[in-house]
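Below: the structure, in structure tokens.
Values quoted throughout were computed directly from the atomic coordinates according to the rules given, and no laboratory measurement underlies them. Note that the structure is a prediction, hence the values are computed from the model and not measured. Here Cβ is always computed from backbone atoms with ideal geometry, including for glycine, and neighbour counts include all displayed protein chains.
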Amino acid sequence: MVGPAVVQTPRLTLRPVQESDAPALREIWLDFAQSPFAVYDGPHPTSPRAVAASIARWAQANRQPQPAHRFWAVCLQGRLIGYFSCHQRENAACEIGYCFHSAFHGCGYARESLCALLAFLPTQGFARATAGTALDNRPSVALLSSLGFTQTATESVSFYQDSAGNPIVFTGGVFEKPLP
């Protein structure tokens with residue numbers, strides 16, 4: 001991936017995350033922590049200081065001339081409503097992750113922004129996109145499938161432990177899509 005770029009859709013702007021996004025991203029992570037899907041992702045920091053430090057690292061990664069990791073803010077009329085992470089992998093692949101504030105679920109924003117991102121990635125030299133999600137995260141599986149991703153593998157994943165210290169394991173799906 002090359003330097004910062006802005007991608008427009010009919011309703012949304014995708015732009016590199018910047019340090020000033022920390023409060024909005026903290027709001028997204030606090031909201032996500034209350035979601036039934038939170039167990040399927042690693043814990044996000046929620047203290048203002050820890051969020052600011054994380055977002056400063058993201059913004060720094062975005063400023064690299066040839067970043068291996070890119071973090072996109074998804075904005076609706078100037079308001080940050082979600083984000084994408086893109087991580088360069090071997091064989092011209094880009095691994096994508098995403099999260100949107102629950103107030104904006106069901107409005108087509110994830111689909112619209114992901115379509116735009118998938119159209120942009122080939123201009124950055126990527127030949128395929130990959131994404132991982134819990135198979136029990138039906139909305140995410142449905143989104144990826146509807147956009148032409150196919151499940152290529154499964155994996156056992158654990159981010160949390162139960163009260164006895166045992167890992168809470170779920171089945172994750174690995175999804176892939178060739179890019180034009």
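Data for the structure
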| read-out | value |
| --- | --- |
| Rg in Å to one decimal, and Dmax rounded to a whole Å, for segment 7-178 via C-alpha atoms | 15.8, 49 |
| Separation of the residue 60 and residue 154 label points, Cα + 7 Å toward Cβ, nm | 4.0 nm |
| Rounded to 5, percent antiparallel among DSSP beta bridges of the chain | 90 percent |
| Dipole moment magnitude, nearest 20 debye, segment 77-180 about Cα centre, only Lys, Arg, Asp, Glu C-beta charged | 300 debye |
| Stretchable slack from residue 31 to residue 91, in nm (0.36 nm times residue separation minus alpha-carbon distance) | 18.1 nm |
| Electrostatic dipole magnitude of the chain [Cβ: Lys, Arg +1; Asp, Glu -1; Cα centre; debye, to 20] | 480 debye |
| Packing-based exposure ordering (other Cβ within 10 Å, fewest first) of 169, 39 | 169, 39 |
| Cβ-Cβ FRET estimate between residue 7 and residue 163, R0 fixed at 35 Å, reported to 0.05 | 0.20 |
| Nitroxide proxy distance, nm - points 7 Å out along Cα→Cβ at residue 145 and residue 119 | 2.6 nm |
| Local electrostatic count, residue 177, Cβ distance below 12 Å [Lys/Arg +1, Asp/Glu -1] | -1 |
| Calculated FRET value between residue 105 and residue 38, using beta carbons and R₀ = 22 Å, to 0.05 | 0.95 |
| Calculated [θ] (222 nm, deg cm²/dmol) that DSSP helices of n ≥ 4 give over the chain, each run adding -39,500 (n - 2.57) | -8500 deg cm²/dmol |
| Relative contact order (%) - criterion: Cα under 8 Å, at least six apart; region: segment 1-105 | 30 percent |
| Taking the chain and dividing mean pair separation by its residue count, relative contact order in percent (alpha carbons under 8 Å, at least six apart) | 21 percent |
| Cut-off under 5 Å, modelled amide H: who pairs with residue 41 long-range | none |
